[in-house]
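Colleague: Structure incoming, see below.
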Number of protein chains: 2
Amino acid sequence: MWAAGAQQPRRAGLALAAAAAAVLAVALAAWRRRRPPVREVLFFPSRPSCTEALLAEAAGLRTTARPCPCPLPRVDSSLSRLLRHLLSARRSLEICLFAFSSPQLGRAVQLLHRRGVRVRVVTDAQYMGLPGSQIGLLRHAGIQVRHDQEDGYMHHKFAVVDRRMLITGSLNWTTQAIQNNRENVLVVEDAEYVKPFLDEFERIWEEYNPINYRFFSKDDK
Amino acid sequence: MWAAGAQQPRRAGLALAAAAAAVLAVALAAWRRRRPPVREVLFFPSRPSCTEALLAEAAGLRTTARPCPCPLPRVDSSLSRLLRHLLSARRSLEICLFAFSSPQLGRAVQLLHRRGVRVRVVTDAQYMGLPGSQIGLLRHAGIQVRHDQEDGYMHHKFAVVDRRMLITGSLNWTTQAIQNNRENVLVVEDAEYVKPFLDEFERIWEEYNPINYRFFSKDDK
């Protein structure tokens, strides 16, 4: 009787241990599957490459039916890698750019906006009205854009994807810079760097709130 | 006899263990004293501050005897922090800058050169001749400078201190950018980021070797 009575808690103990081991195994497998944080440096000028398939795929279109007829090679390039990181956004995208005229990057941002990603853009007032700027198109698409009203330039060139990935460097998002300039972009998933940039974005976003704009007539001194 | 004979190796073993423990303790103490790698984000415009004391100290001059008479506060600022990181160079400094006109940063670079640090500068040909550029002064001081001969801009804005610290961002080293623009600078001691930037510097340094310069007369087609 004594021996039989002791088996009850022993069985329960074994079952508990087995359950704990199973939970541990699942957690370990998930931890192993977890991709390491992105730490990447991209240099420009970017190798010429066709990014149509990448953009079409992100838009949910079939690319095999109508491949792009352009003669550019379908290869990995700094631009395609930048686009891929950008297109990985699922929830939010903060962009803080002095100059933005690249049609490919403009299409990617519009596509994310249509996909329901909360996109916010901060830019420089002097540059945004120049021919080729994407800013008007982004505003037309319903994306929130704010700009400075300062003497100095809003000279940042960074973006934050899903509040976890920082994209920053010397690169303005212009075709000139992508194709012809010596430029660098760091892509970093590291809260220690992401947080100060997010804080800087929020600071600027509030400062550039249109309710703070000043409008002077020519008669004002 | 047998017992006494066995004490010899035992004593030697104890002495070896004590020596190993001492070495371990010293290594542990050194490891504890080792400062953690720099991971810093600086934002601009920089808070106005006087950097004279900082530069005079780095030049080995006594600052208490003749303090700077300027009215700027002696406070920590993004510019003073950038200067401090730069002035920490002991062996080498690689600079890759689109625009360089800040007198304070120019003085710091000349000071490092005089201190025996191996300074190399890469810059953009279109900008280096503009009024206020520091490039002519650096060349005059005997610092090696190379520039592009390309249609695109050499638009990088980075420096590498002692092959271990990367300073990079949106900031050109100009007074306009430091005092008036919204800018960012990352300061990173992490080989994973430093190495690709050093490789990029060496690539550009070789490409911009003056033996590769092309000189065309007006009659050339």
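The values are calculated or read from the model by the stated rules, or taken from the named source; none is laboratory data. This is a predicted model, so every value here is computed, not measured. Here Cβ is always computed from backbone atoms with ideal geometry, including for glycine, and neighbour counts include all displayed protein chains. Protein only, heavy atoms only, side chains kept; ligands, DNA and RNA dropped before computing areas. Shrake-Rupley method; radii C 1.70, N 1.55, O 1.52, S 1.80 Å.
Colleague: With a cut-off of at most 15 other beta carbons within 10 Å, and DSSP calling the residue loop, which trypsin sites (Lys or Arg not before Pro) in the stretch A:95-154 qualify? Please list them.
Modeller: Of the trypsin sites (Lys or Arg not before Pro), the ones in loops of the stretch A:95-154 whose Cβ has at most 15 other Cβ atoms within 10 Å are A:Arg115.
Colleague: Could you tell me the accessible area of A:Leu87 in Å² (1.4 Å probe, neighbours in place), rounded to the nearest ten?
Modeller: 10
Colleague: Mind checking the per residue accessible area of chain A for me, 1.4 Å probe, whole number of Å²?
Modeller: 56
Colleague: How would you classify the stretch B:110-221 from its alpha-carbon gyration tensor, with a ≥ b ≥ c the square roots of the eigenvalues: rounded for a/c under 1.5, else prolate if a/b is greater than b/c, otherwise oblate? Display every interim value, and only then the final one.
Modeller: Numbers: a/c = 1.56, a/b = 1.41, b/c = 1.11.
Because a/c hits 1.5 or more and a/b exceeds b/c, the stretch B:110-221 counts as prolate.
Colleague: In Å², nearest 100, what accessible area do chains A and B bury in total when the solvent probe is 1.4 Å?
Modeller: Rounded to the nearest hundred, the buried surface is 3000 Å².
Colleague: Put the label 7 Å from Cα along Cα→Cβ for B:Arg35; what are its distances to the other copies, in nanometres, shortest first?
Modeller: For B:Arg35, the inter-copy label distances come out at 3.6 nm.
Colleague: Test of understanding: what is the full-extension gain from A:Arg114 to A:Gln7, defined as 0.36 nm times their sequence separation minus their Cα-Cα distance?
Modeller: Values: separation 107, 0.36 × 107 = 38.52 nm, distance 6.15 nm.
Contour length minus Cα-Cα distance gives 32.4 nm.
Colleague: How about B:Lys157: which aspartates and glutamates have a C-alpha closer than 14 Å to its C-alpha, ignoring those fewer than 8 places off in the same chain?
Modeller: Cross-link targets: A:Glu183, B:Glu94, B:Asp124, B:Glu183, B:Glu200.
Colleague: Specify which residue in the list B:Ala58, B:Ile95, B:Asn181 is farthest towards the positive end of the charge dipole of chain B, using unit charges on the beta carbon of Lys, Arg (+1) and Asp, Glu (-1), about the Cα centre.
Modeller: So the residue we want is B:Ala58.
Colleague: Still on this structure: Under 18 Å from a point 7 Å along the Cα-to-Cβ line of A:Ser92: which residues of the stretch A:108-150 have their amide N that close?
Modeller: A:112-123, A:143-146
Colleague: Rounded to a whole number, what % of the accessible area of chain A do carbon and sulfur atoms account for, probe 1.4 Å?
Modeller: On the way: 7160 of 12320 Å².
On chain A, the fraction of accessible area on carbon and sulfur atoms equals 58 percent.
Colleague: Now, a different point. Considering only the label points, 7 Å along Cα→Cβ from Cα, what distances in nm to one decimal separate B:Leu61 from the same position in each other copy, shortest first?
Modeller: 6.4
Colleague: 5 Å is the cut-off here: which amide hydrogens, built 1.01 Å from N in the peptide plane, fall below it relative to A:Gly169, excluding neighbours closer than 5 in sequence?
Modeller: Here the answer is A:Lys157, A:Leu186, since their amide H atoms fall under 5 Å of that of A:Gly169.
Colleague: Taking 7 Å along the Cα-to-C-beta vector as the label spot, tell me the B:Ala141-A:His140 distance in nanometres, rounded to one decimal.
Modeller: Output for this residue pair reads 5.0 nm.
Colleague: Pop a pseudo-label 7 angstrom from the Cα along the beta-carbon direction at both B:Arg203 and B:Val38 and give the gap in nm to one decimal.
Modeller: According to this spin-label approximation, the distance is 2.5 nm.
Colleague: Which residues belonging to the stretch A:149-195 lose at least 50 Å² of 1.4 Å-probe accessible area when the assembly is complete, relative to their chain isolated?
Modeller: Residues of the stretch A:149-195 that lose at least 50 Å² of accessible area once the other chains are added: A:Tyr153, A:His155, A:His156, A:Arg182, A:Asn184, A:Leu186, A:Tyr193.
Colleague: Can I ask one more? Once the label point is placed 7 Å from Cα along Cβ, list for A:Leu14 the distances to the corresponding points in the other copies, in nm, shortest first.
Modeller: In ascending order, 5.2 nm.
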